[in-house]
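Report on the structure given below.
The values are calculated or read from the model by the stated rules, or taken from the named source; none is laboratory data. The model shown is predicted, which means the values in this text are computed figures rather than measured ones. Every residue, glycine as well, gets a Cβ built from its backbone with ideal geometry; the counts of neighbours run over all protein chains shown. Heavy atoms of the whole protein, side chains included, go into the accessibility calculation; ligands, DNA and RNA do not. Shrake-Rupley method; radii C 1.70, N 1.55, O 1.52, S 1.80 Å.
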Amino acid sequence: MATALNQDNAAQLDTLQAELDKTNAECTPDAIAQKRADALRRHENAVTVAKNRLRDWEAELARARKKGTDQLNIAAWERKVNRARADLDRAVSRPIQ
């Protein structure tokens, strides 16, 4: 800003001041707390979705086993369950941003 002021560059000074005002508005304690709360909510939602998907696939696998479905079909359900577990692990370990 000092350079723009020294060079009497009003347009650049206005742009820099607008960016500074935006940064100051986004960096209030309330704004930071709100961003954190939103990130936490997104994280919890992703974990919940992954848990639900895993539970659904595990139930399907159990039904297939109980029903006596062929091994090829059971293997397919097992792969889905394994992928769902991996998805859940990734969702849980993903940093909250």
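For the chain, the longest principal axis of the Cα atoms and the long axis of helix 29-67 meet at an angle of about 10 degrees.
How tilted is helix 71-93 with respect to the longest principal axis of the chain? Cα atoms for both, answer in degrees (0 to 90, nearest 10). Compared with the principal axis, the helix lies near 30 degrees. Each 10 Å bin from zero up to the one holding the largest Cα-Cα distance in segment 1-51 carries the following percent of pairs: 23, 26, 20, 17, 10, 4.
For the chain, the longest principal axis of the alpha carbon atoms and the long axis of helix 10-26 meet at an angle near 40°. When the charge dipole of the chain is built from unit charges on Cβ atoms (+1 for Lys and Arg, -1 for Asp and Glu) and taken about the Cα centre, the candidate among Ala39, Trp77, Leu13 whose Cα reaches farthest toward its positive end is Trp77.
Considering the chain at the alpha-carbon level, its Rg and Dmax are found to be 25.6, 82 Å. Given a 1.4 angstrom probe, I'd like the percentage of the accessible area of the chain that is carbon and sulfur, rounded to a whole number. Reported share for carbon and sulfur atoms: 53 percent.
With a 1.4 Å probe rolled over the protein heavy atoms of all chains, the accessible area of Asp8, Asp70 falls in the order Asp8, Asp70, largest first.
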